[in-house]
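Each remark here refers to the structure printed beneath this line.
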Amino acid sequence: MRQQLTIAELDVRTIADLQRRDPAALGDLYDRYGRIAYSIALRYLRDSGAAEDLVQEVFLRVWTRAHLLENVKGTLASWLSTVTRNLAIDHLRAHHRDGYRELNSFEFIAVPIDFELSDDVERLRTALTNLTQEQRRVVELAYFEGLSHTEISERVGRPLGTVKSCVRAALNKLRQGFRQTSLPGV
């Protein structure tokens with residue numbers, strides 16, 4: 001009987017195969033995470049064609065920068081999600097500066113995802129509920145809308161130092177909350 005690999009083991013194997021320039025590894029990666037990347041891109045861009053193009057760009061970036069994957073923190077799914085999110089925000093900034101729309105954290109987290117991420121999403125939702133209203137707002141602006149600290153300061157009408165302190169405190173609180181809701185053995 002063949003042993004079932006964990007997600008982490010599959011990620012390690014996929015990274016090694018990508019670094020050896022195995023095209024099948026890119027296909028496997030797309031099969032596992034393409035739907036997640038598309039969901040995130042579509043959530044931000046609200047255009048299926050643009051979302052498809054962005055997903056192609058994400059996976060092209062993975063292929064051309066496979067040598068950098070050794071430094072991936074967390075899972076490949078979270079890394080790909082971050083790359084997708086950042087490229088989507090860049091796309092919105094470049095093409096829709098005047099109409100750049102806001103997303104709230106729960107709209108983003110409601111993205112349909114595969115089962116391996118569902119525990120992380122639930123843990124994140126729980127951790128987000130422990131933030132103050134101000135902390136949640138700056139986290140949403142920084143990580144869901146991609147604003148800089150300076151842009152957040154202007155948006156919320158607070159001094160830059162206060163915004164930086166609030167973001168730092170929120171991230172620490174999220175980190176602690178995420179650890180407390182960790183699954184046994186993780």
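Throughout, read-outs are computed from the coordinates displayed, never taken from laboratory work. Keep in mind that this is a model prediction, so the values were computed, not measured. A quick note on method: Cβ atoms are made from the backbone with ideal geometry, for glycine too, and the neighbour counts reach across all protein chains shown.
Could you calculate the FRET efficiency of Arg35 with Gln133 from 1/(1 + (r/R0)^6), where r is the beta carbon distance between them and R0 is 35 Å, rounded to 0.05?
On the way: r = 33 Å, r/R0 = 0.95.
Step by step, r from the Cβ atoms, then E = 0.60.
With R₀ set to 22 Å, the beta-carbon distance separating Gln4 from Arg65 gives a calculated FRET efficiency near 0.15. Applying the Karplus parametrisation 6.51 cos²θ - 1.76 cosθ + 1.60 with θ = phi - 60° to the phi angles of the stretch 31-44, what ³J(HN,Hα) value in whole Hz is obtained for each residue in order, glycine and proline being reported as x? Whole-Hz 3J(HN,Hα) from phi for the stretch 31-44: 4, 7, 10, x, 5, 5, 4, 4, 4, 5, 4, 5, 4, 7. 3J(HN,Hα) couplings calculated from phi for the stretch 125-141 with the Karplus curve 6.51 cos²θ - 1.76 cosθ + 1.60 (θ = phi - 60°) are, in sequence order, 4, 4, 5, 5, 5, 8, 7, 6, 4, 5, 4, 4, 4, 5, 5, 4, 5 Hz; Gly and Pro show x. Put simply, the amide H of Asp22, placed in the peptide plane, has no neighbours under 5 Å, leaving out anything fewer than 5 places away on its chain. Treating r as the C-beta distance of Leu160 and Ser48 and R0 as 41 Å, the FRET efficiency rounds to 0.60.
If packing is taken as the mean number of other Cβ atoms within 10 Å per residue, what is the order of 41-52, 11-22, highest first?
Details: 41-52: 17.4, 11-22: 15.8.
Put in order of decreasing packing, that is 41-52, 11-22.
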